[in-house]
1. Label L170 and A88 with points 7 Å out from Cα along Cα→Cβ: what is the distance between them in nm?
2. Could you order the peptides 169-180, 48-59, 102-113 from most to least packed, using the average number of other C-beta atoms within 10 Å per residue?
3. Taking 0.36 nm per residue of separation and subtracting the Cα-Cα distance, what length does fully extending L80 through A110 add?
4. Taking the Cβ of G18 as the center, what net charge do the other residues with Cβ under 14 Å away carry, scoring Lys and Arg +1 and Asp and Glu -1?
Amino acid sequence: MYSNTISISAAFIAGLAGSAHCFGMCGGIAGALGMRARTTGHTAAAALFNAGGYHTGRIGGYTFAGLLFGFAGARLQSILDMLRIGAALRVASGVLLILLALRILIRWNALAVLERLGARFWSKLQPLAHQAATSSRCGQALLLGFLWGWLPCGLVYSMLMFAAMGAGALHGASVMAAFGAGTL
């Protein structure tokens, strides 16, 4: 229980630390959604609702990915001898957090290979995201945010690896929800 609280807290702090990066990468999308809602005759409240839908979808996408990675990580850990590799997994989790910090602090990306793999996956989702981006309905903003959560990003991928090293699917989802909340 204590280590779960620590990892969820670490994920939230990582989200806070990376929020400037997230603002630069995703803030423009949320702003554009709000501006589009205003230019199509919607009220300021509707524009805010659209931006809220986008962020809710984005954090939902992170949470769903954390659920999947947490589940996969737990299954892998159940197959392997945890007494032997448990310490190595804890060290790997710490190394991932350090690599994440180095990416934020000095812009050194040791996880670029993960981003390239993610770019292949994103290319399959991109047409659906483009379609969602062309509508000003709140449901489309929610879908766009959910899909945007899968955009290739070493910051997100490092946190997904961290989520996979946890105690299961719900823990992985909690880690990614805390990370998303930190980025917000």
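1. My value for the distance between the label points is 3.0 nm.
2. 169-180, 48-59, 102-113
3. 8.2 nm
4. +3
A short reminder: the numbers here are calculations on the coordinates, not readings from a lab. Being a predicted model, the structure only gives us computed values, none of them experimental. Every residue, glycine among them, receives a Cβ derived from its backbone with ideal geometry; neighbour counts consider all protein chains shown.
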